[in-house]
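**Q** What follows is a structure written as structure tokens; I'll ask about it next.
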Amino acid sequence: MVRVRYTGLSNATEAFGDLKPLREAITRMQGRYRPFGPDYLILDAVKKALDTAAFHFTSDHEFFSMKPEASKSGTPEG
């Protein structure tokens with residue numbers, strides 16, 4: 001696979017990392033609305049757009065997912 005460079009985004013991981021609080025706020029907003037109602041769904045569309053953009057620029061399918069810390073067992077420190 002060819003690595004694509006985007007001239008306007010030097011560090012995509014950092015740029016989308018800055019958007020994590022926004023995505024979390026949208027998730028909290030969704031909790032105020034009836035599941036699968038129109039307001040809930042439009043906020044879901046915004047989250048999906050962020051997910052898609054993050055994947056496009058970072059190639060990480062689960063960029064915004066909560067990832068558990070790697071276990072330190074088996075390492076000299078753990």
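FYI, it's all coordinate maths here, none of it is from the lab. No experiment lies behind these values; they were computed from the predicted model shown. Using ideal geometry, Cβ is built from the backbone for each residue, glycine included, and neighbour counts are taken over all protein chains shown.
**Q** Name the pairs whose Cβ atoms lie under 8 Å apart, with the first residue in the range 20-43 and in contact (Cβ under 8 Å) with a residue 40 or more places away in the chain and under 18 Å from Glu62 (Cα atoms), the second surrounded by 10 or more Cβ atoms within 10 Å (Cβ to Cβ) and among the hydrophobic types (A, V, I, L, M, F, W, C), and 6 or more positions between them or separate chains?
**A** Lys20/Phe64; Arg23/Leu50; Arg23/Phe64
**Q** Of all residues in the range 11-36, which are surrounded by 11 or more Cβ atoms within 10 Å (Cβ to Cβ) and aromatic (Phe, Trp, Tyr)?
**A** Answer for the range 11-36, where residues must be surrounded by 11 or more Cβ atoms within 10 Å (Cβ to Cβ) and aromatic (Phe, Trp, Tyr): Phe16, Tyr33.
**Q** For the range 28-57, which positions are in contact with a Leu (Cβ under 9 Å, 6 or more places away or on another chain), aromatic (Phe, Trp, Tyr) and assigned to a helix (DSSP H, G or I)?
**A** Across the range 28-57, the qualifying residue is only Phe57.
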